[in-house]
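Structure record follows, encoded as structure tokens.
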Amino acid sequence: MAIAAVILLFGLAHAAEPTASGEFSSSDFTESDRCKECHAITTVQWEGTMHSNAYVDPFYLKEFHAASEDTDGLVDSFCSRCHTPIGVVAGEIPPADGSQLSEIAKEGVNCDFCHTVSGSDGTGNAPFIVTPGDTKWGPFNDSEASFHESEYLELYTQSEYCGMCHEVRHPVNGLLIDDTYPVWKNSTYSQEDVTCQDCHMTPGITEFEANPGRAGSGAPKRDHISLHSIVGGNAFVTEMLGAEKEKEMAIERLEMAATLDMVSPEIANKGEDVTVEISITNSGAGHNIPTGVSEIRQMWLEVKATDAEGHEIYSAGTTDTSGEIISANTIYNNVLGDSEGNPTLSFWLADRVLSDNRIGPEETVAEEHMFSLPEDAVYPVTVDATLKYRSAPQDLIDHLFGEDVHEVPVIDMVEKSRIIYDPDTPPESRTQPQSESQSTPGFTVFATVAALLIIYVLKKQ
Ligand code: HEC
Ligand code: HEC
Ligand code: HEC
Ligand code: HEC
Ligand code: HEC
């Protein structure tokens, strides 16, 4: 009796358990090239993305091998479960050197892995249940194909699907290392049901935008099919791998993530101290900026004041020839600490958060910059602020790959300028630069419509 009950309980518990390492063979999965025969557009969209490169990513591999060494192999299947999920469920990794990995496992997060996910035991640390075979699960409840069975699963339309992998907790001490899903979950985006898919799998970037089309050859026309060109802010590894289109898409996404505002005096006397306040708003991302491996990512403000002859009066947040950021007020990221409390970029060694100044969804933060106008400055003086982003500190990449091998691109997310005039300049001659293009169109249209309406109403009266 007791034994039967234990077996029964075990059986029940097992049914909801995440798929174990080595439960399947890589030959149970189908290569993406096969899907491409009918889902050509979708497959081309996926090919240059970090999902398709999740295992072969040279930056990942360097860090993975370092982590494996530091922990005597303890993290081998942990890291691999997200970066080569087929490699893990097929029992091909460990060994950490990848020598046993099949070609399909090297496809990283691929078509057949994602579409044979038949359930999940919550979010975080990849608790997926995968059932390779004839059935492909997806967002349609009326889909028919000759090559495979189709099955609807609501999970595909929900952020929880992405939350399986986009929430990383330290396997030993539980420290939350990647909080993308939990932060989204606590944001107004979640309350308003704006999902990861809405921003990352439609042309909308910061909101849902329908993409009508056919999901495969011979498939019916639908009001919306999703994009599989799922990109974030990674303009570095995409460049390294020659994925130019995805690099451009990452830059475009970064340009949509934030807005800047600057308050500075319109006039100032020479010798006077000038204070400039710049605020940054996370207006476009449903999570912190930066997010993901944000202890490695860097975002900061570059602020420069120059006089009419181009002489620099003030600068902060520029980079020197070795790529180091000079005197930025704040680096917007989080700093993790090891067991001795020392800052570390090796998150597998971290057990605490030392600081966190990422910008939350819809949050605004401000920076103050101060300088004095030199006696020989030539009016007018221009203050430029640019929000910068890069995927990794240059010295980390130099340390991993060697000096002068890879230059981490620095992306301008958004900029703003203000002009400071000679107090003798008549007020009507003091013009200010237009707002940055990114937030202008919507506002200009709104302002024009509002102005026309007012004129119309006034005329009628
Ligand atoms: C990271 C996981 C992931 C990967 C990799 C992935 N898909 Fe999808 N796919 C999804 C999700 C999630 C949806 C549903 C999105 C929605 O409805 O909002 C989807 C939707 C679909 C659909 C339904 C039609 C549509 O586009 O909405 C098809 C067909 C499809 N995927 C095929 C593929 C093929 C082929 C590949 C490989 C080139 C692939 N998928 C790779 C997660 C993935
Ligand atoms: C012989 C052509 C063909 C091949 C090969 C093929 N599919 Fe499909 N697939 C289709 C068609 C047609 C549809 C129907 C699309 C629709 O309903 O709009 C479809 C639908 C889907 C859907 C949507 C299922 C749902 O209910 O939401 C997914 C997911 C999918 N395919 C994944 C894959 C994957 C992964 C592969 C490769 C392992 C693959 N397909 C290979 C033709 C094919
Ligand atoms: C099986 C695990 C897994 C699932 C499920 C998954 N991802 Fe990912 N995703 C990854 C991994 C691993 C990477 C990073 C690969 C790398 O950079 O080496 C990644 C990368 C990304 C990136 C690129 C990040 C950057 O810095 O540019 C975005 C965006 C992204 N995923 C969004 C999504 C969305 C949206 C979903 C849900 C539809 C999803 N992912 C589902 C594992 C997953
Ligand atoms: C309201 C739109 C929106 C939603 C919702 C959203 N994202 Fe993003 N995401 C963005 C934008 C814009 C960026 C570029 C800014 C950045 O890199 O942080 C981005 C960047 C990313 C990155 C790269 C992070 C980095 O800083 O390098 C990842 C990974 C990512 N998103 C995953 C997700 C996942 C997973 C979800 C759901 C839990 C999600 N996103 C929900 C808009 C969104
Ligand atoms: C639960 C899933 C998961 C686990 C476990 C995981 N990762 Fe990741 N990893 C991700 C996701 C998702 C991203 C993309 C986030 C982003 O782009 O900011 C990522 C990104 C990375 C990146 C950045 C790659 C790039 O191209 O910029 C590195 C490096 C990395 N992971 C290393 C590791 C190592 C080493 C381990 C094990 C100690 C590990 N990861 C464990 C999901 C995971």
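Just so it is clear, none of the values below were taken in a lab; they were calculated from the coordinates. Not measured: the values here are computed from a predicted model.
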Self-check item: Mean Cα-pair separation over length for the chain, i.e. relative contact order, pairs under 8 Å, 6 or more apart, %
Solution: 12 percent
Exercise. Give me the percent of Cα-Cα pairs in the chain that sit more than 44 Å apart, rounded to a whole number.
Key: 23 percent
Quiz item: Karplus couplings for the stretch 190-198 from phi (6.51 cos²θ - 1.76 cosθ + 1.60, θ = phi - 60°), rounded to Hz, Gly and Pro as x?
Solution: 5, 4, 8, 6, 8, 8, 4, 4, 4
Quiz item: Cα centroids of the stretch 303-342 and the stretch 127-142: how far apart, whole angstrom?
Solution: 47 Å
Quiz item: Among all the aspartates and glutamates, which ones have a C-alpha under 15 Å from Lys36's C-alpha, if same-chain residues fewer than 8 places away are not counted?
Solution: Glu47, Glu107, Asp112
Exercise. Could you tell me the convex hull volume per residue, in Å³, taken over the Cα atoms of the stretch 336-376?
Key: 145 Å³
Quiz item: What aspartates and glutamates sit close enough to Lys270 to cross-link, taking a C-alpha to C-alpha distance under 14 Å and skipping anything fewer than 8 places away on the same chain?
Solution: Asp307, Glu375, Asp376, Asp422, Asp424
Quiz item: Where does the chain land at 222 nm, in deg cm²/dmol rounded to the nearest 500, when only DSSP H runs of n ≥ 4 count, each adding -39500 (n - 2.57), divided by all residues?
Solution: -7500 deg cm²/dmol
Quiz item: Rounded to whole Å and sorted largest first, what semi-axes of the equivalent ellipsoid does the C-alpha gyration tensor of the stretch 139-225 yield via the square root of 5 times each eigenvalue?
Solution: 30, 17, 10
Exercise. Just round it to a whole percent: the fraction of Cα-Cα distances in the stretch 18-169 exceeding 21 Å.
Key: 43 percent
